[in-house]
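A short worksheet on the structure shown next.
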Amino acid sequence: MNKRMQTVLLHVVLTVIGLVTIAPLAWMVGASFMPVGEAASYPPRFIPSRPTLEHYIALFTRLDIARNFMNSAFITITATMISVLVNAMAGYAFAKLRFGGRDRLFKFLLAGMMIPAQVGMLPLFLLLKNLGLVNTYMGIMIPSFASIFAIFLVRQYVLSVPDELLDAARMDGAGEFRIFWTIVLPIVRPILVTLAAFTFISTWNDFMWPLIILSDESKYTLPVALANLAGEHVQDTELMMAGAMVTIAPVMIVFLFFQRVYYQGIMAGGVKG
Amino acid sequence: MRSHLEKRQRRAAWLFLAPALTLIGVFFFLPIVIGFALSLTDFDIYAIGSIDTVRFVGADNYQSTLGSGEFWNAFRNTAYFVFLGGPLSVIVSLAGAILVSGRLARFKEIFRTLYFAPVITTLVAVAVVWRSLYHPRYGLMNYALAKLGIPAIDWLGDPVWAMPAIVLMAVWKTFGYNMLIFVAGLISIPEELYEAAEVDGASAWQRVLHVTLPSLAPTFLFVSLITLIGYFQVFAEPYVMTQGGPVRSTVTLMLLMYEEGFRWWRMGNASAIAFLLFVITLVGTMIQLKLRKADPA
């Protein structure tokens, strides 16, 4: 087989895999704009015969999904901003500040990464119940403010900042907090952007924890509201596809913007995102 | 001067660490310790009202859990999901990575984005989508099978097919992530190795077999490990698509824990399940690490 044939064959295979991968999402997009009942036609269609916005309108009027959208947006943005700051500070301290027991403490945290967070989910619920945080936004967010993986990611990156730069600033009499804020943060910005993209997407998509913590429907995040709707509206396929669209679209947009840094994060840390 | 600076740095370090360490201590490590204690008690719905009713019951929860058919059913289902889906996901993502990083491949970024898109999507949302794709009469899946001459399958309604259906969706959802890690591994393989193989007259397939795969061994282990650990926690897929049915054929350990804990409020029992799941994951991790040590390739 000559090179030309190989190249053509390779691209045929790549395209087929791509089409198969994207088919479920393409069908979701198409079905969300179909008139009632058309998503259940056979053979299945991808393109609506008569595109309609009625399901989106129903979601935002009758089902008040805007409320859930705002809940998700508020929780995701707040958790992302706070966690980036908290983890950046800790990652910097582990990388550049000298104190007794630093390496042992860091190793201990890394070992803790082996434990799936779900193991502590029931007691965490009881703990938050005692703190009065069950059925609150704070209760959803607070366990995600600090993450060992994020600290690890920042630390690895900060290690590449030259010590001389920091020592020079110290000699000039700059305080540690000012050094962090004016010298370190600007240098490590790329990893913080990566971290923010990771945190945004994983917080938005999170399901189990909000499901456990929230009992009040008006506080539901989008995924929890969608799962709830999916139970009640099994037959309304077009409506459900519109709901899935509204849930997925924001993370997709964030991802398309931050694609490159997102990939870099996975490839560098090579760990769960 | 020196010691003053050192002291200042030490104080700053603890200030910088305080928020993160407090949060991780209180909301990550503490619950794990309490969880273990909880698993040794009969904590139930009455205990939530008044904590005085809680009694220490030793290993009773573990004994009754390990003696219950429900637990072993969930264990079998989870193991089925992990050992069917895990290898499938790793193989598909490895193949995808090799194809997409091929020297002849063009438009690499576009293909990578296409393959990666499902990873970003919200699990609950795509579970809702796949539930429709699996519809026995109108679903895209059975339509595709019909085109291939295969009779329709009642994917989510048949206890034999429900778990494979969930596996298929999970592989679709996750392979892009592993693929990316493999791509990173592929990039780090020195070009000279391929050139040397080409000089020796190795075909494209032989180069994959003798250069690519051996060089990827560490990446392979890493990907297998995180896939294994992640897949053991499977929850949202059965929760949304099947609610554990039909006839409990898709109840996973995580789903069982959720039902015990948050539907029936048997917290003691549920904590025991959580710890057993943790131990199972840990054993799986150890075995894989051992295999790796035994084979230094």
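Key figures
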item: Trypsin sites (Lys or Arg not before Pro) within the stretch B:60-116: DSSP coil, no more than 15 neighbouring Cβ in 10 Å; result: B:R103, B:R106
item: Low-density loop cleavage sites - GluC sites (Glu not before Pro) in the stretch A:156-246, where at most 12 other Cβ are within 10 Å (DSSP); result: none
item: Rounded accessible area of B:F262 (nearest 10 Å², 1.4 Å probe); result: 30
item: Above-threshold pairs, the threshold being 25 Å between Cα atoms, out of B:K108/B:K173; A:K129/A:K219; A:K96/B:K7; B:K108/B:K293; A:K3/B:K108; result: B:K108/B:K293
item: Per-residue SASA entry for A:R67, accessible area with 1.4 Å probe, Å² rounded to 10; result: 110
item: A:T237 accessible area, assembled protein chains, probe 1.4 Å, Å²; result: 30
item: Dipole of chain B, positive end: most advanced residue of B:F28, B:G244, B:M163 [Cβ charges, Cα centre]; result: B:F28
item: Built amide H within the under 5 Å cut-off of B:T41, gap 5+; result: B:V57
item: Accessible area of the protein assembly as shown belonging to carbon and sulfur atoms, whole % at 1.4 Å probe; result: 67
item: Assigned charges on the beta-carbon of Lys, Arg, Asp, Glu; the protein assembly as shown dipole about Cα centre (debye); result: 1140
item: Top positive-direction residue, dipole computed over chain A with Cβ charges, set A:L14, A:H55, A:T203; result: A:L14
item: A:F46, A:F180, reordered so the largest accessible area comes first (probe 1.4 Å); result: A:F46, A:F180
item: Whole-angstrom gap from the stretch A:28-69 to the stretch B:210-284, using each part's C-alpha centre; result: 33
item: Mean ellipticity per residue at 222 nm, deg cm²/dmol - from DSSP H runs of n ≥ 4 across chain A, formula -39500 (n - 2.57); result: -22000 deg cm²/dmol
item: Value at 222 nm in deg cm²/dmol, rounded to 500, when DSSP H runs of n ≥ 4 in chain B each add -39,500 (n - 2.57); result: -22500 deg cm²/dmol
item: Accessible area, probe 1.4 Å, largest first, for residues A:M245, A:M208; result: A:M245, A:M208
item: Positive minus negative residues near A:A196 (Lys, Arg vs Asp, Glu; Cβ under 14 Å); result: +2
item: Euclidean distance of C-alpha centroids, the stretch A:96-129 and the stretch B:58-79, integer Å; result: 28
item: Partner lysines for B:K290 [C-alpha distance under 27 Å; skip if fewer than 8 residues away on the same chain]; result: A:K107, A:K272
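The values are calculated or read from the model by the stated rules, or taken from the named source; none is laboratory data. The structure displayed is predicted, hence computed values, not measured ones. A quick note on method: Cβ atoms are made from the backbone with ideal geometry, for glycine too, and the neighbour counts reach across all protein chains shown. The area values use the complete protein model at the heavy-atom level, side chains included, leaving out ligands, DNA and RNA. Shrake-Rupley method; radii C 1.70, N 1.55, O 1.52, S 1.80 Å.
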